[in-house]
Amino acid sequence: MPLVKTEAIVLRTMNYRETSKIATLYTRDYGKIRVLAKGIRRQKGGYGGASLDALTCDTIVFSYREGRSLLTLAQADILDPYLSLKESYEAISTAWQIIELVDRSLHDGEPNLRLYELLREALAQLKCERTHFEPVLFAFEIAFAESLGFALQFEGCIHCGEPLRFGGGKPGGFIFSPVLGGFTGPECSSEHAAGTKVSPGAVRSLQHLKEEGVAAAHIRFTLPVSNEIDALLSHFLRYHVDELDRPPASKQRRKNSAAGSASQDLHMRR
Ligand SMILES: [Zn+2]
């Protein structure tokens with residue numbers, strides 16, 4: 001098997017036998033992989049310095065074979081241990097939420113350079129001194145969805161196509177469809193009342209977060225808006241991550257049924 005070299009974020013590890021470790025990694029070039037690091041807990045200084053701990057970024061060398069579920073690690077060198085991030089409880093808990101989302105949403109393999117870079121960028125943002133980490137998480141979740149092909153849509157009302165208006169029009173809220181990732185505007189929302197109501201402030205903040213991305217996530221929200229965004233994004237991600245998990249045949253069935261009742265929020269468990 002050929003030895004290959006890439007960069008990886010360690011998502012999760014478990015001890016294996018007396019001295020080894022099995023780690024789940026999100027790599028720059030090979031997507032999500034699982035590696036066996038034989039004897040890594042015995043060797044001081046590990047595989048060239050890295051002890052392969054969760055939430056570190058390493059340069060790794062491993063023997064690659066497509067389709068194999070457990071690969072053998074040959075070498076690992078720490079690129080970034082994210083030490084400053086680990087000094088802040090809020091930063092580390094935000095990082096775990098990001099890491100867990102990546103870990104549970106993705107299948108093995110399936111490289112996605114954009115997603116890898118996004119993950120690196122978000123973790124780098126969490127190293128910066130901040131008082132609020134929530135915008136980084138929200139901006140990551142929005143960009144994460146986009147990198148997997150189900151972006152939030154702000155181009156217009158999903159019912160009539162008119163641009164979304166945040167003031168001056170009819171009073172009232174927007175309605176979010178997790179299935180379509182878009183909003184019904186206030187002008188149509190009374191006729192199409194099924195779904196999750198969202199305030200104009202929350203929709204505008206989401207649009208802002210999408211435009212600015214994790215690097216510029218300095219936006220502040222009021223607590224109610226933050227709660228709305230949190231609920232909406234977990235709804236949205238849960239729906240689509242469940243879709244990613246489903247075998248192709250039933251995925252198609254559900255797509256058809258979803259298209260037939262687009263204004264209804266189907267299958268939501270929140
Ligand atoms: Zn409309």
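The values are calculated or read from the model by the stated rules, or taken from the named source; none is laboratory data. Everything quoted here is computed from the prediction, not taken from an experiment. No Cβ is skipped: glycine too gets one built from the backbone with ideal geometry, and neighbour counts run over all protein chains shown. Only protein heavy atoms, including side chains, enter the accessible area calculation; ligands, DNA and RNA are left aside. Shrake-Rupley method; radii C 1.70, N 1.55, O 1.52, S 1.80 Å.
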> Considering only the stretch 10-26, how many residues are under 16 Å from residue 57 (Cα atoms), without any contact (Cβ under 8 Å) to a residue 60 or more places away in the chain and not aliphatic (A, V, I, L, M)?
Replying inline: 1
>> Looking at the stretch 113-135 only, could you name the residues that are within 24 Å of residue 182 (Cα to Cα), open to solvent by 10 Å² or more (accessible area, probe 1.4 Å) and at pLDDT 95 or above?
In response: 114, 118
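Per-residue answers, yes or no, for (1) among the polar types (S, T, N, Q); (2) within 12 Å of the chain's Cα centre (by Cα); (3) open to solvent by 10 Å² or more (accessible area, probe 1.4 Å):
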residue	(1), (2), (3)
54	no, no, yes
60	no, no, no
64	no, no, yes
68	no, no, yes
100	no, yes, yes
137	no, yes, yes
140	no, yes, no
> Filter the stretch 30-44 for residues that are in contact with a Phe, Trp or Tyr (Cβ under 8 Å, 6 or more places away or on another chain) and not in a strand (DSSP E or B); which is modelled with the highest pLDDT?
Replying inline: 30
> For the stretch 161-173, does any single residue satisfy the condition of being in contact with a Cys (Cβ under 7 Å, 6 or more places away or on another chain) and more than 16 Å from residue 209 (Cβ to Cβ)?
Replying inline: no
> Which one is modelled with the lowest pLDDT, of the residues in the stretch 197-219 that are within 16 Å of the ligand (Cβ to nearest atom) and not in a helix (DSSP H, G or I)?
Replying inline: 197
> Within the stretch 70-83, which residues are open to solvent by 60 Å² or more (accessible area, probe 1.4 Å) and either of a type outside the set (A, V, I, L, M) or within 28 Å of residue 133 (Cβ to Cβ) (or both)?
Replying inline: 75, 78, 79, 83
> Any idea which residue in the stretch 174-190 is farthest from the ligand (Cβ to nearest atom), counting only those that are touching a strand residue (DSSP E or B) at 6+ places or on another chain (Cβ under 9 Å) and part of a loop (DSSP other than H, G, I, E, B)?
Replying inline: 178
>> Any residue that is outside any helix (DSSP H, G or I) and aromatic (Phe, Trp, Tyr) - is there at least one of those in the stretch 55-67?
In response: yes
> Which residues, counting only those in the stretch 84-98, are open to solvent by 70 Å² or more (accessible area, probe 1.4 Å) and either in contact with a Cys (Cβ under 6 Å, 6 or more places away or on another chain) or within 14 Å of residue 11 (Cα to Cα) (or both)?
Replying inline: 96, 97
>> Can you go through 123, 115, 152, 137 and tell me which one is away from the ligand (no atom under 16 Å from the Cβ), closer than 30 Å to residue 30 by Cβ and part of a loop (DSSP other than H, G, I, E, B)?
In response: 152
